[in-house]
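The values are calculated or read from the model by the stated rules, or taken from the named source; none is laboratory data. These numbers were taken from a predicted model, which means no experiment stands behind them. Reconstructed Cβ throughout: ideal geometry from the backbone, glycine too, with neighbour counts over all protein chains shown. What goes into the accessible areas is simple: the full protein's heavy atoms, side chains included, and nothing from ligands, DNA or RNA. Shrake-Rupley method; radii C 1.70, N 1.55, O 1.52, S 1.80 Å.
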Amino acid sequence: MDSFKSHLNKFITVTDEEYTSIVSFFEVMDVKKKQNLVLEGEVCRTMYFVVKGCLRKFFINEKGVEQTTEFAIENWWITDTFSYERQIQTNFSIQAVEPSSVLVIDLERQEELLQKHPVMERYFRMIYQRAYAAAERRIRYLYEMSREELYMHFSTLYPWFIQRIPQYLIASFLNLTPEYLSEIRAKLRS
């Protein structure tokens, strides 16, 4: 839990007493590798903060293939914001890529948290701004870069993902087939 406090303190300042109160609004959940936290068609009722491990968000495309849209590692958040904010069915699933420990908060508890600790409004605003900016950049990269450039950019920006996340999931995230990603990697090695 100390990692969550350190994370918060990068954006806002909270005392030990405030932190104890803030963290009491969350539940701790341990999840197994490949365990689903949310399934497509359900209402995404919670947000997840990754204390340890890795989660991913994905959907099944028209060909029946899983398309990963987002990863979350330590100190990152993940949810289906549209479903969470509106409390409607999600078009995504959220699953653990590796054994993970997460902090979980639902919309009602989040509202109570924000009422009791207004400084958390600033924190969540900053988190959402960063997430939105990252999504904007990713969309641009998808339009402008070749698949090979996209992989090079991703592997340069996030080298730890290449070591940590299975290749088929990286391919899914980059909208490549695993075979094509293998070809790109082999080409880059030679």
Test: residue in the stretch 39-57 that is surrounded by fewer than 16 Cβ atoms within 10 Å (Cβ to Cβ), without any contact (Cβ under 8 Å) to a residue 60 or more places away in the chain and under 14 Å from the mean Cα position of the chain (by Cα): yes
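Here's the yes/no breakdown for (1) open to solvent by less than 30 Å² (accessible area, probe 1.4 Å); (2) out of contact with any Ser or Thr (no Cβ under 7 Å at 6 or more places or on another chain):
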residue	(1), (2)
88	no, yes
91	no, yes
96	yes, yes
106	no, no
114	yes, yes
118	no, yes
122	no, yes
129	no, yes
Sole exception among (1) touching a helix residue (DSSP H, G or I) at 6+ places or on another chain (Cβ under 8 Å); (2) assigned to a strand (DSSP E or B); (3) farther than 22 Å from residue 8 by Cα for residue 96, by number: (1)
Count of residues meeting criterion [out of contact with any helix residue (DSSP H, G or I) (no Cβ under 8 Å at 6 or more places or on another chain), within 15 Å of residue 70 (Cα to Cα) and open to solvent by less than 100 Å² (accessible area, probe 1.4 Å)] in the stretch 132-156: 6
Neighbours by Cβ (under 7 Å, 6+ apart or cross-chain): first from the stretch 18-33, on the phi < 0 side of the Ramachandran plot; second in a loop (DSSP other than H, G, I, E, B): 18/117; 21/117; 22/14; 22/117; 23/1
